[in-house]
Amino acid sequence: MEEKMASKYRVGIIGCGGIANAHARGYEGVEQAEIVALADPVPAALDKFANTYDVAKENCYLDPREMLDNENLDIISVATWHKLHAPMTIAACARSPKAVLCEKPMGVSLGECDEMLIAANRNGVKVVIGHQRRFNSAWTDARNLIAEGAIGEPRQIICHGGQGLLNDCSHLLDMMRYVLSDPAPQWVIGNVERKTERYERDIQIEDRSAGIVGFSNGCIGMLLQEIGRPNYQGGIVYGADGIADVTEGRVRLLNNKSTDWEERPSDGTNQHVAQAQELVEWLDGGPEHRGEAKHGRAAIEIIMAIYESARMHEVVQLPLRTHANPLDLMIENGDLPIERPGRYDIRAFLLHGESMKPE
Ligand SMILES: NC(=O)c1ccc[n+]([C@@H]2O[C@H](COP(=O)([O-])OP(=O)(O)OC[C@H]3O[C@@H](n4cnc5c(N)ncnc54)[C@H](O)[C@@H]3O)[C@@H](O)[C@H]2O)c1
């Protein structure tokens, strides 16, 4: 038994809230990993998590850096709000673990993503971003069907997202690339509306936005953020010879060989277990993880290019050269005057006690 335990990857989790539970259940489903340490500045969150996942109280920390210094971790999950993804990933990488699994969005600017990659590269750390729907079997089915030519040359993909570009829409932009076999984004045009002081998990977000992105395979992606239709994780891909309508639950396929829609349900794979499993396999010498950080960065590059297009009133050619967050620049510059004042955070309900924003 002891020998088996010694061979397990030692996992530590920074931020013991909602998505951290999904990470924890993911690791619990993987034979080669064991959650050994936790960090969260909110004692009640830490205690509850430690009890649920049976982590010893002496391995629970209010300060994540103390955990990183003391616990000799192999894998670190970063499951805090977005603003802490870069600093916590960089802090984790500086201690040279084997891997970091950081939640999406990878960062809140392209500059942050690049700093995370520098930290990973200079310390030899494998970094994965938590776009776990890459493990949704319906999305993978759509990717394989499109690659095999089931809808002919993909021409357009349309998605409807919400909660600002960095939240839901980072998944959707990652989905666009995933189902198209990860083409490079080449150009972006977009616009935003922000007439209220809207925040999401303590970052400034727009009220509405739209973005169009041209990919290297000739397909054009269109993302509507809180415009027109209900938000959902999925999209519709129009090809020269057919259509793939993708949700989390299924792919519906129609093409020049079919007389009616073919319904192809998802197999219900636990995406977080699959994400963790592929990570340990990568550490054991297996193929690169499908959520490798470059994909998380690509989603952020498109998002920042949508903001940059709104700021510069131009079609933005990629690679993006602006490293700051252009939405923040527009707000600071007075380009998006508030008409209905008063800061509000659409995720303030996640905080504890009297807090309305993080300390
Ligand atoms: N992949 C997905 O589908 C998915 C789903 C939900 C959330 N997320 C992402 O996960 C991240 C966390 O979201 P959530 O809903 O779990 O938030 P949450 O508020 O439920 O959890 C965040 C936790 O981080 C803790 N925290 C705050 N400051 C900290 C610090 N300095 N060090 C360590 N911990 C700290 C908080 O106390 C809290 O327990 C977000 O970036 C979000 O985008 C991803």
Legend entry - Proximal charge balance of ASP63 [Cβ under 13 Å; K/R count +1, D/E count -1]: -3
Inset, instruction - Find out how many positive minus negative residues lie around HIS295, taking Lys and Arg as positive, Asp and Glu as negative, among other residues whose Cβ is under 11 Å from that of HIS295. - result: +1
Legend entry - Virtual paramagnetic centre 7 Å along Cα→Cβ of LYS195, amide N under 16 Å, in the range 318-356: 335-342
Inset, instruction - Over the range 16-92, give the accessible area per residue in Å² for a 1.4 Å probe, as an integer. - result: 42 Å²
Inset, instruction - Rounded to whole Hz and in sequence order, give me ³J(HN,Hα) for the range 44-54 from the Karplus expression 6.51 cos²θ - 1.76 cosθ + 1.60, θ = phi - 60°, writing x for Gly and Pro. - result: 5, 5, 5, 4, 4, 5, 4, 5, 5, 10, 6
Inset, instruction - Could you list the GluC sites (Glu not before Pro) in the range 186-276 that lie in coil according to DSSP, counting only those with at most 15 other Cβ atoms within 10 Å of their Cβ? - result: GLU248
Legend entry - 15 Å beta-carbon shell around MET356, net charge (K/R +1, D/E -1): -1
Inset, instruction - Among the listed pairs LYS98/LYS294; LYS104/LYS195; LYS8/LYS104, give every one whose C-alpha distance is greater than 24 Å. - result: LYS104/LYS195; LYS8/LYS104
Inset, instruction - Per DSSP H run of n ≥ 4, the term is -39500 (n - 2.57); total these for the chain, divide by its residue number, and report the mean residue ellipticity at 222 nm rounded to 500 deg cm²/dmol. - result: -10000 deg cm²/dmol
Legend entry - Projected label distance in nm at GLU339 and LYS57, using a 7 Å step from Cα toward the beta-carbon: 5.6 nm
Legend entry - Alpha-carbon centroids, the range 180-230 and the range 246-310: separation in whole Å: 18 Å
Inset, instruction - Just the number, please: carbon plus sulfur as a percent of the accessible area of the range 1-61, 1.4 Å probe, no ligands or DNA/RNA counted. - result: 50 percent
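The values are calculated or read from the model by the stated rules, or taken from the named source; none is laboratory data. Fair warning: this is a prediction, and the values are worked out from it, not measured in the lab. Backbone-built Cβ (ideal geometry, glycine too); neighbour counts: all protein chains shown. Keep in mind that these areas ignore ligands, DNA and RNA; they rest on the heavy atoms of the full protein, side chains included. Shrake-Rupley method; radii C 1.70, N 1.55, O 1.52, S 1.80 Å.
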